[in-house]
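One structure is given here, and the rest of the page talks about it.
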Amino acid sequence: MMENNIDAEQYIYESTCHTVEEAASAANASPKEIVKSICLIDNGGNLIVGIVRGEDRVSTSRVAKALNIETPKIATPEEILDKTGYICGGVPSFGYEGIFLIDPKVMENDLIYTGGGSPYSLTKISTKILQQINKGQIVRIRK
């Protein structure tokens, strides 16, 4: 974030932020302010990242329709590490190559918390900045 002059704050906690409940508790935030980065892989091996609010789930069929592709599969923990450089449970919503899809519900908040690079950290960032830096397409992808 510092190298690329990204206006965001990283927080490191004593307890894990692996689940939405843990993240909301650690950040003293509402689950609506927590976002998940769901990593998917298309038939060509490309990474697609579905960004949804913590309480929502990604619809692979909506992702397929939005990108006009065959239904992608959920990435394995090994694929997530390989494609993002982060372990499952701490993946940020930016900072690596991929196709980023942001559900419109995410954009209802000015600020959100996303993975901070480890299961013990979160990054607080403006939704507008997030969309700008990951070149995210705003499209309904939640179930």
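Since every read-out is calculated from the coordinates, none of them should be taken as a lab result. Predicted model only: the values in this text are computed from it and were never measured. Glycine gets a Cβ as well: all are built from the backbone with ideal geometry, and neighbour counts include every protein chain shown.
Taking every C-alpha pair closer than 8 Å and separated by at least 6 residues, the mean separation divided by the residue count of the chain gives a relative contact order of 30 percent. Pairs of lysine residues in the range 8-138 that meet both criteria, 8 or more places apart or on different chains and Cα atoms under 21 Å apart, total 19. Computed about the Cα centre, the dipole magnitude for the chain is approximately 620 debye when only Lys and Arg (+1) and Asp and Glu (-1) carry charge, each at its Cβ.
At full extension, ARG142 and LYS73 could sit 23.3 nm farther apart than now, given 0.36 nm per residue minus the alpha carbon distance. Sites listed here are trypsin sites (Lys or Arg not before Pro) in the range 1-95 whose DSSP assignment is loop and whose Cβ has at most 16 other Cβ atoms within 10 Å: ARG57. Legend: calculated FRET efficiency, ILE129 to SER25, from the Cβ-Cβ distance at R0 = 22 Å, rounded to 0.05, equals 0.35. When all alpha carbon pairs of the chain are counted in 5 Å bins from zero, the resulting P(r) reads 2, 11, 22, 24, 22, 13, 5, 1, 0 %.
Of the DSSP beta bridges with both residues in the range 8-138, give the percent that are antiparallel, rounding to the nearest 5.
Values: 19 of 26 bridges.
Just about 75 percent of them are antiparallel.
Between MET107 and ASN43, the modelled labels are 2.9 nm apart [label points 7 Å from Cα along Cα→Cβ].
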